[in-house]
Amino acid sequence: MEQYCPLSGHSAKIEIDTNGKDVFRVECPACGKFVITEEAQREVNHRVGSRLHILLGTVREASERGICLTVTTSNIQSLLDSASIPRDPIEAMDRILMHVQRKSLSPHSYVQLYTQTDFPIAYAIVPDEFAFYLKKLVELSYLEEEPPGYFCLSINGWRHVIEVRKNERNSNQAFVAMWFHKSLYPVWKKGFKKALEELDFSPVRLI
């Protein structure tokens, strides 16, 4: 029987996690790999609403980093609050360029991108938004597309990626590794998050 991701709705591989029968391990083409409780599956739409794309982007970004996030009813809000969301279309397109660079096996290799499943890379709300970014990146000569759906960084694209890397090294982002549990939410929000923001850092909670 075909199974579907409780976040994206795409066909996915779902297994019962070894931690318990009410915890499921999901492998989704849009979200990547993550773990979710049965209770969170039932309440995710009610709790997230119009911010679903933020949760998709957060889970996919973590999966791309090799981190398998666990989504529960007690940490959904924390995941949304600590998400590193692109501030504008330029940053969203930068996320795509950096993704292509990471997936490239060589400077001239092409990376396949699916608008229907890869849109969370840019925290896009819908696949059409992601397709728009790809079109603009090709028009700006940052990406080359051949054949359709396969993308390679151009020379201009590589130059831009190098600049983005420099800015990331000088970024004010502060990554905080912290267990997601409702008992620690006040510690995160009123402790680490507040203190870092007062020092002009942008806190990102990873785990």
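The values are calculated or read from the model by the stated rules, or taken from the named source; none is laboratory data. The shown structure was predicted, so the numbers you read here are calculated from the model rather than taken from an experiment. No Cβ is skipped: glycine too gets one built from the backbone with ideal geometry, and neighbour counts run over all protein chains shown.
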Members of the stretch 72-98 that are in contact (Cβ under 8 Å) with a residue 60 or more places away in the chain, touching a Pro at 6+ places or on another chain (Cβ under 9 Å) and either of a type outside the set (S, T, N, Q) or closer than 16 Å to Val161 by Cα (or both): Asp94
Given the criteria assigned to a helix (DSSP H, G or I), aliphatic (A, V, I, L, M), crowded, with 20+ Cβ neighbours inside 10 Å and out of contact with any strand residue (DSSP E or B) (no Cβ under 6 Å at 6 or more places or on another chain), does Ile96 qualify? yes
Can you find a residue that is touching a Pro at 6+ places or on another chain (Cβ under 6 Å), assigned to a helix (DSSP H, G or I), crowded, with 17+ Cβ neighbours inside 10 Å and at pLDDT 95 or above anywhere in the stretch 148-166? no
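With Val48, Val59 as the choices, which residue is touching a Leu at 6+ places or on another chain (Cβ under 7 Å) and more than 29 Å from Tyr142 (Cβ to Cβ)?
Being touching a Leu at 6+ places or on another chain (Cβ under 7 Å) and more than 29 Å from Tyr142 (Cβ to Cβ) holds for just one of Val48, Val59, which is Val48.
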Subset of the stretch 99-123 (residues that are under 22 Å from Ser154 (Cβ atoms), touching a residue at least 60 places away in the same chain (Cβ under 8 Å) and not in a helix (DSSP H, G or I)): Tyr114
Looking at the stretch 99-116 only, could you name the residues that are crowded, with 18+ Cβ neighbours inside 10 Å and among the polar types (S, T, N, Q)? Gln101
Take the stretch 15-34 and flag every residue that is surrounded by fewer than 17 Cβ atoms within 10 Å (Cβ to Cβ) and hydrophobic (A, V, I, L, M, F, W, C). Ile16
